[in-house]
1. Does the stretch 76-87 contain at least one residue that is surrounded by fewer than 15 Cβ atoms within 10 Å (Cβ to Cβ), of a type in the set (A, V, I, L, M, F, W, C), over 30 Å from residue 251 (Cβ atoms) and not assigned by TED's automatic domain parsing to the domain that holds residue 251?
2. Residue 6: modelled with pLDDT under 90 and over 21 Å from the mean Cα position of the chain (by Cα), yes or no?
3. Of the conditions (1) out of contact with any Ser or Thr (no Cβ under 7 Å at 6 or more places or on another chain); (2) modelled with pLDDT under 90, residue 211 clears all except one; give me its number.
4. Note down all Cβ pairs under 8 Å where the first residue falls in the stretch 49-63 and is surrounded by 15 or more Cβ atoms within 10 Å (Cβ to Cβ), the second is part of a loop (DSSP other than H, G, I, E, B), and they're at least six residues apart or on different chains.
5. Six or more apart or on different chains, Cβ atoms under 7 Å: show the pairs whose first residue is in the stretch 18-34 and farther than 21 Å from residue 89 by Cα and whose second is outside any loop (DSSP other than H, G, I, E, B) and modelled with pLDDT of 90 or more.
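The values are calculated or read from the model by the stated rules, or taken from the named source; none is laboratory data. No experiment lies behind these values; they were computed from the predicted model shown. Because the Cβ atoms are built from the backbone with ideal geometry, glycine has one as well, and the counts that use them run over all protein chains shown.
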Amino acid sequence: MNAGQRRREELAGFLKDRRARAERASHGLPEVGRSRVRGLRREEVATLAGVSVTWYTWLEQARDINPSRQVLDSLARLYRLSPVESTYLLSLGGHGEKSSEVTSEFTPALRRLLDALGFPAFLLGADWKIIGWNAAYAELYPRIATLDDTDRNLLWLIFTDDQLREMLPDWEAQSRSFVGSFRAETRGWLSPAGESGIVARVSEASPEFAAIWKEHDVAGFGTRERMFQHPEKGLTRYEQHNLTPAEAPDLTLLVYAPR
């Protein structure tokens, strides 16, 4: 399956999921039967969004068509998508899509920046591989230095590392948040290589991840509080910041500022 088809499949799945979640009453539609209050028919979506039934059906069938930005904006309004979700929808439709190619490098300047920071920080590649970290992060999460290179991936560790799970008192909420952020922030899993890449690998290793991934949730990867149950320091609190280096736009610098 090529990258274009994978993108269309993801667009189809995302639209189906949001159609199933839509509340009928909020669109002035009656319940279906005696209890169905969620879920719209394709014909209803087409009428409410002002698009043809055939065109919308083709979108959900992952047909090789090119939806206009106007059509996608209309669907975003209909499904009451958040700004992050709307951007994701437009990206899947070919409007403002992020590159799925990894082009940035871990430069000596970024290495010096990491080392200069006195609080935990690490650098993520486009597929969420952890490609660099500082001493403060190694102190917070000592296993990072001894992991196999193929296992140094944030998505993989969140769902497969029992020690990291024990360190996160809010693991269930955090894991869902990470999945939504990964879907919104990365596109590498949509490339041909992505079929056997990190998503497939984590899905095979973690039924929990596989189930969450099928929900098609999308979330921003923004500033938030992070808590860790450190074996020696006890409960520690940080404020997570996500920065994009100007010279390496495909990379993300995550820093944990003490609170």
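1. Looking through the stretch 76-87, none of the residues is surrounded by fewer than 15 Cβ atoms within 10 Å (Cβ to Cβ), of a type in the set (A, V, I, L, M, F, W, C), over 30 Å from residue 251 (Cβ atoms) and not assigned by TED's automatic domain parsing to the domain that holds residue 251.
2. Here the answer is no, as residue 6 does not meet what is asked.
3. (2)
4. From the stretch 49-63, the pairs are 55/65; 55/67; 58/65; 59/65; 59/67.
5. 29/44
Per-residue answers, yes or no, for (1) under 13 Å from the mean Cα position of the chain (by Cα); (2) closer than 28 Å to residue 14 by Cα; (3) modelled with pLDDT of 90 or more:
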{"residue": "158", "(1), (2), (3)": "no, yes, yes"}
{"residue": "163", "(1), (2), (3)": "no, no, yes"}
{"residue": "172", "(1), (2), (3)": "no, yes, yes"}
{"residue": "176", "(1), (2), (3)": "yes, yes, yes"}
{"residue": "190", "(1), (2), (3)": "yes, yes, no"}
{"residue": "206", "(1), (2), (3)": "no, yes, yes"}
{"residue": "218", "(1), (2), (3)": "yes, yes, no"}
{"residue": "230", "(1), (2), (3)": "no, no, no"}
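Table: residues versus (1) of a type in the set (Gly, Ala, Ser); (2) within 25 Å of the chain's Cα centre (by Cα); (3) closer than 22 Å to residue 177 by Cα.
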| site | (1), (2), (3) |
| --- | --- |
| 19 | no, yes, yes |
| 73 | no, yes, no |
| 87 | no, yes, yes |
| 90 | no, yes, yes |
| 93 | yes, yes, no |
